[in-house]
Amino acid sequence: MSNIAILLLAAGASRRMGQAKQLMAWQDTSLVEHQIKTLLPTGASIHIVLGAYAEKIRPLISDFSVTIYENPHWEKGMGTSLAFGVQHILKNTTNTAGILIALVDQPLLKTSHFKTLIDTFTPNQRQIICSTSDKGWSGPPIIFDRCYFEELMKQEGDHGAKNVTKKHKKAITFLTLGSVLEDVDTPQAFAKAITRQF
């Protein structure tokens, strides 16, 4: 397996949901614990960025084999958590060939989806491996080659890595993962996802 680090972003305030999305119940556990359990079998190192509700989330995940970072500027948007996470991964790992960015609110994704992304990635080829849905939506989970790390560390605001993908469109390889990419930003979306989990 390529030397991939997984960056799980779980710092948001979940304003559209109206409650801490990370802590919502999913398959007899919380959403954040479920996502970690899905990622662990990939064998990649897992790094999670917390922000809002960190004091409630940290005790739930402290026993997992993950590295936890707390972004003090999480309120400034996902871009700051992305940049913060990449910076700390580079401080705490060596020879990282690529970073897979995952979100806490895509619970329908299976371990096999993440393994497919990782297996598609070839180090030192300037690749961006991007997921796409049946409806044409594209985004995380997404892998960036190390040549993009400097740009990722400059991201800010609510756009995540969109500025980087727009700039390097020709480097992107799209993998269709179907409708499982749907995130759960609202109570309605969460209820819909629950009916599809089995």
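Quick one: would you say ASN71 is out of contact with any helix residue (DSSP H, G or I) (no Cβ under 6 Å at 6 or more places or on another chain) and of a type outside the set (A, V, I, L, M, F, W, C)?
Here the answer is no, as ASN71 does not meet what is asked.
Within the range 146-198, restricting attention to residues that are among the polar types (S, T, N, Q) and part of a helix (DSSP H, G or I), the residue that is modelled with the highest pLDDT is THR165. Those residues that are of a type in the set (S, T, N, Q) and in a helix (DSSP H, G or I), I need them from the range 29-47; list them, please. GLN35, THR38, THR42 - these are the residues of the range 29-47 that are of a type in the set (S, T, N, Q) and in a helix (DSSP H, G or I). Scanning the range 20-39 for residues that are more than 14 Å from SER65 (Cβ to Cβ), modelled with pLDDT of 75 or more and among the aliphatic types (A, V, I, L, M) turns up MET24, LEU31, VAL32. Figure legend. Inter-residue proximity from the range 23-36: first residues without any contact (Cβ under 8 Å) to a residue 40 or more places away in the chain, second residues part of a loop (DSSP other than H, G, I, E, B), beta-carbon distance below 7 Å, spacing 6+ or different chains. Indicated pairs: SER30/MET24; ILE36/PHE64; ILE36/VAL66.
For the range 48-67, the set of residues classified as in a strand (DSSP E or B) and out of contact with any strand residue (DSSP E or B) (no Cβ under 6 Å at 6 or more places or on another chain) consists of GLY51, TYR53, listed by residue number.
The values are calculated or read from the model by the stated rules, or taken from the named source; none is laboratory data. These numbers come from a predicted model, not from an experiment. Here Cβ is always computed from backbone atoms with ideal geometry, including for glycine, and neighbour counts include all displayed protein chains.
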